[in-house]
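Reading through the structure tokens given below for one structure.
The values are calculated or read from the model by the stated rules, or taken from the named source; none is laboratory data. On a predicted model such as this, the values are computed, not experimentally measured, just so you know. Here Cβ is always computed from backbone atoms with ideal geometry, including for glycine, and neighbour counts include all displayed protein chains.
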């Protein structure tokens, strides 16, 4: 069975960018944030804020999109980020945090 794929863009606080592809987005972002590979580009430059991602039903499509994005000029990559995330918020900031469940018994 073919796997789903994700293309993602990470940014540092200085807006240095990294584009990657994975089949397990949550795990891969955790690896970046925790410098799982300490000699990597993202660890060296503290690039760990998820600012944009796209999902694809097939990983081969995600790989093709990654190659396409890597060929773009920086200005076009920034425009893609700003289109969906104008404040450059870390889209993964709340991942792994406890979720408060809605209690329908409380009156408004």
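The table for this structure:
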read-out	value
Pairs with Cβ under 9 Å, 6+ apart, first in the range 63-77 and without any contact (Cβ under 8 Å) to a residue 24 or more places away in the chain, second surrounded by fewer than 12 Cβ atoms within 10 Å (Cβ to Cβ) and part of a helix (DSSP H, G or I)	none
Residue match in the range 42-55 (condition: over 17 Å from residue 11 (Cα atoms), surrounded by fewer than 17 Cβ atoms within 10 Å (Cβ to Cβ) and without any contact (Cβ under 8 Å) to a residue 40 or more places away in the chain)	no
Test for residue 13: is it within 21 Å of residue 94 (Cβ to Cβ), surrounded by fewer than 17 Cβ atoms within 10 Å (Cβ to Cβ) and at pLDDT 95 or above	no
Boolean, residue 3 is in a loop (DSSP other than H, G, I, E, B), in contact (Cβ under 8 Å) with a residue 40 or more places away in the chain and out of contact with any helix residue (DSSP H, G or I) (no Cβ under 7 Å at 6 or more places or on another chain)	no
Any hit, the range 24-40, residues being closer than 15 Å to residue 62 by Cα, surrounded by 15 or more Cβ atoms within 10 Å (Cβ to Cβ), in contact with a helix residue (DSSP H, G or I) (Cβ under 9 Å, 6 or more places away or on another chain) and modelled with pLDDT of 95 or more	no
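Yes or no, residue by residue, for (1) modelled with pLDDT of 95 or more; (2) within 22 Å of residue 18 (Cα to Cα); (3) touching a helix residue (DSSP H, G or I) at 6+ places or on another chain (Cβ under 9 Å):
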residue	(1), (2), (3)
67	yes, yes, no
71	yes, yes, no
79	yes, yes, no
95	no, yes, yes
103	no, no, no
107	no, no, no
